[in-house]
1. Going from the alpha-carbon gyration tensor of segment 119-215, what semi-axes, largest first and in whole Å, does one get by taking the root of 5 times each eigenvalue?
2. In what sequence, largest accessible area first, do Arg128, Arg160 appear using a 1.4 Å probe?
3. If I ignore ligands, DNA and RNA and count only protein heavy atoms, how much of Ile247 is accessible to a 1.4 Å probe, in Å² to the nearest 10?
4. May I ask you to list the lysines whose Cα is less than 29 Å away from that of Lys196, ignoring any residue fewer than eight positions away on the same chain?
5. Given a 1.4 Å probe and heavy atoms of the protein chains only, how would you sort Lys390, Lys380, largest accessible area at the top?
6. How much FRET efficiency would the formula 1/(1 + (r/R0)^6) give for Glu382 and Gln418, where r is the Cβ-Cβ distance and R0 is 56 Å, rounded to 0.05?
7. Give me the percent relative contact order of segment 140-296, please, defined on Cα pairs under 8 angstrom at least 6 residues apart.
8. Just add up the charged neighbours of Glu382: K/R +1, D/E -1, any other residue whose Cβ is under 13 Å from the Cβ of Glu382.
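The values are calculated or read from the model by the stated rules, or taken from the named source; none is laboratory data. This structure is a prediction, so every number in the text was calculated from the model and none was measured. Cβ: placed from backbone, ideal geometry, glycine included. Neighbour counts: every protein chain shown. Please note that ligands, DNA and RNA were not included when accessible areas were found on the heavy atoms of the full protein model with its side chains. Shrake-Rupley method; radii C 1.70, N 1.55, O 1.52, S 1.80 Å.
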Amino acid sequence: MHQRRPDGFDGLGYRGGARDEQGFGVAFPARSFSSGSDLGHWVTTPPDIPGSRNLHWGEKSPPYSLPSTSTRYEGPPAEEPFPSGGGSGGAVQGQSSEQLNRFAGFGIGLASLFTENVLAHPCIVLHRQCQVNYRARHYHLTPFTVNNIMYSFNKTQGPRALWKGMGSTFIVQGVTLGAEGIISEFTPLPREVSHKWNPKQIGEHLLLKALTYIVAMPFYSASLIETVQSEIIRDNTGILECVKEGIGRVIGLGVPHSKGFLPLLSLIFPTVLHGVLHYIISSIIQKFVLLILKRKTYNSHLAESSSPVQSMLDAYFPELIANFAASLCSEVILFPLETVLHRLHIQGTRTIIDNTDLGYEVLPIDTQYEGMRDCINTIKQEEGVLGFYKGFGAVIIQYTLHAAVLQITKIIYSTLLQNSI
């Protein structure tokens with residue numbers, strides 16, 4: 001199980017503290033990502049809005065700006081009684097540029113979050129419905145068939161068919177962050193992994209993640225049902241219905257179920273396995289991509305080929321790109337395991353889904369998997385290896401849309417910077 005928005009900028013990546021970069025011979029400045037705190041370690045949770053980490057008051061140095069190795073101290077600058085530009089015009093212009101930089105960075109991060117949590121939701125609804133539909137003859141492995149079926153759902157059921165369950169996904173994210181904070185507060189398990197880490201610290205940190213996924217598991221299961229339940233037979237439930245059903249599943253009351261319903265204890269292992277693997281893979285890839293982008297920025301600085309606009313872009317986009325790459329890779333790698341996980345969570349809950357072959361009609365979910373191993377073997381025998389990738393075309397659309405939004409935002413930001421410089 002994992003949040004749809006990956007852990008943002010969680011992970012094992014080094015986030016702050018001045019240090020000498022080996023091989024370069026130049027000291028990189030400390031990067032401050034939140035006001036009032038000295039994060040000289042790897043920050044894991046909770047994440048800020050991507051791209052807005054340098055926007056706090058008083059933090060004017062972008063994290064990827066590199067000091068020039070050829071500059072020397074030449075003494076105090078000569079004072080000018082009348083600065084060029086007349087009066088305080090230069091100061092006003094600098095302040096305006098700084099404010100533009102601050103708000104533009106906030107807008108970049110906000111656009112990324114909006115894409116991940118709102119614009120991409122129809123793709124998530126469809127790929128989950130395809131994953132749990134064991135009767136489907138069309139696997140929707142490409143974006144072309146996905147577009148057709150999304151159009152059919154929208155035509156027959158209205159726009160709500162593709163946006164159902166979005167509120168519950170935010171509840172799951174809130175429960176996950178809250179549970180992690182509470183557990184770390186009352187236990188010695190660390191939310192953050194320091195620079196001088198050791199295997200014990202890593203193990204305790206992953207144990208905290210595992211406990212967090214266990215706490216959020218019943219609410220994730222309720223949210224999954226809301227996103228795949230057909231709008232044709234769906235009641236107008238409130239936004240807190242996810243909380244009610246999650247608590248009901250824990251105490252065993254108020255949740256209708258049939259034969260084959262799996263207790264929460266049997267879902268702990270696949271849920272924790274998927275969540276921890278997703279966290280580890282995304283953290284490693286994120287750190288690797290950031291390292292590549294950092295070296296690229298350093299090389300361009302040595303060649304003195306980076307423009308002022310590019311230097312400002314380097315302050316925000318490397319982490320967004322790293323987050324995008326980490327989320328995409330972990331999603332692709334763990335997609336088969338996610339298919340198994342969703343089928344186990346949905347089994348026996350009397351859920352009615354849409355027919356992903358026709359675009360209309362509904363189908364009941366009446367699988368009888370005995371557990372994770374039986375589910376894997378049954379899918380492989382009856383649906384083939386590609387059965388683990390049902391609905392993968394929706395994932396392609398989801399991340400294509402995300403990449404397009406990032407590129408458009410970058411173009412707009414570059415234009416604003418060029419006009420202000």
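1. 39, 16, 11
2. Arg160, Arg128
3. 90
4. Cross-link targets: Lys60, Lys209, Lys287, Lys294, Lys296.
5. Lys380, Lys390
6. 0.45
7. 23
8. Charge balance near Glu382 sits at +3.
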